[in-house]
Amino acid sequence: MDEMRPFEFMECITILKSTGKRARNIRELRTMIADISDVSLFHHTYQYFLKGHILEYTNDFAHWVGESLEERALSERLSNIDPFAFQDLSSLRQEFLTNIDDYTRHFPEPRDTIPGGEFYFNETVTIIFPIGMWAKNLAEFLLAIRYVDPPCIYYHFYEARLRHGTDDFSAWIESVLGNSELARSIRAIDLFMHNIEGIRTHIVETVENNVRHAMEVIRP
């Protein structure tokens, strides 16, 4: 067990910038994905979860292909790409290109979207800052997690995986509080099956169940 350091809650905000690039069909989307900056790719994939995403999709590309082009088969393939499974953005970018190339070999005449339905590529400036909230134990953690803003949960549950392969919450609970069982339960929450509010609800329920079970064990 590590030194009893409190959990410091952080938050991130994003400032959106247009790149001036857009796509009207799958081929143009493919060309732009190959050309856009890593910052833009990061925004349209990892930061998709910050936007109150539709659970059917896992990135902006799949969302646009499914909703604007109505190419459901390709949309499903792009949604099956787990960005957190890749070591770097270059590998993630190549996975998108490979899936689009394979699809267009079988469906060589992609349709254009209707005017106004183009995909617009953006970049973001991300600012990370402490919110002045700490937790020294599970009771304080449970109180905080109920009320922190969604970008805080995104930063600690989603984006943390890029820093050290898992979420910040379970890492702290295991290394500092020594509660491996609760840490495993939080890690088991499927980040693709829930939006941020769903993640919050599951974390609260998981912590409450763990605390309730612990109280039952020590009850005479």
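The values are calculated or read from the model by the stated rules, or taken from the named source; none is laboratory data. As the structure is a prediction and not an experimental result, all values here were calculated from the model. Reconstructed Cβ throughout: ideal geometry from the backbone, glycine too, with neighbour counts over all protein chains shown. Each accessible area value is taken on the protein alone, full model and side chains, heavy atoms only, with ligands, DNA and RNA left out. Shrake-Rupley method; radii C 1.70, N 1.55, O 1.52, S 1.80 Å.
What percent do you get for the relative contact order of region 1-157 when only Cα pairs under 8 Å and 6+ apart count?
On the way: 206 pairs, mean separation 71.4, N = 157.
That works out to 45 percent.
So what's the back-of-envelope 222 nm ellipticity for the chain, counting only DSSP H runs of four-plus at -39500 (n - 2.57) apiece and dividing by all residues, rounded to 500? Let's see the in-between values first.
Numbers: 11 runs with 110 residues, N = 220.
Value at 222 nm, helices only, nearest 500: -14500 deg cm²/dmol.
When the Kirkwood radius is taken over all Cα pairs of region 13-123, what Stokes-Einstein diffusion coefficient follows at 37 °C and 0.692 mPa s, in µm²/s? Mind showing how you got there, number by number?
Values: Rh = 14.0 Å.
Once the numbers are plugged in, D ends up at 234 µm²/s.
Kindly rank 33-44, 150-161 from highest to lowest mean number of other beta carbons found within 10 Å of each residue.
Working: 33-44: 17.6, 150-161: 20.7.
Per-residue mean Cβ counts within 10 Å order the peptides as 150-161, 33-44.
So how strong a dipole does region 13-123 carry about its Cα centre when Lys and Arg Cβ are +1 and Asp and Glu Cβ are -1, to the nearest 20 debye? Provide the component values of the computation, followed by the final result.
Values: 12 positive and 18 negative charges, 45 e Å.
Dipole size: approximately 220 debye.
Counting only protein heavy atoms, what percent of the accessible surface of the chain is carbon or sulfur at a 1.4 Å probe? Each step should come with its number before you reach the end.
Values: 5940 of 11350 Å².
C and S fraction of accessible area: 52 percent.
If the viscosity is 1.306 mPa s and the temperature 10 °C, what Stokes-Einstein diffusion coefficient in µm²/s follows for the chain when Rh is the Kirkwood radius over Cα pairs? Don't skip to the end; give the middle numbers.
Details: Rh = 19.1 Å.
Result for D is 83 µm²/s.
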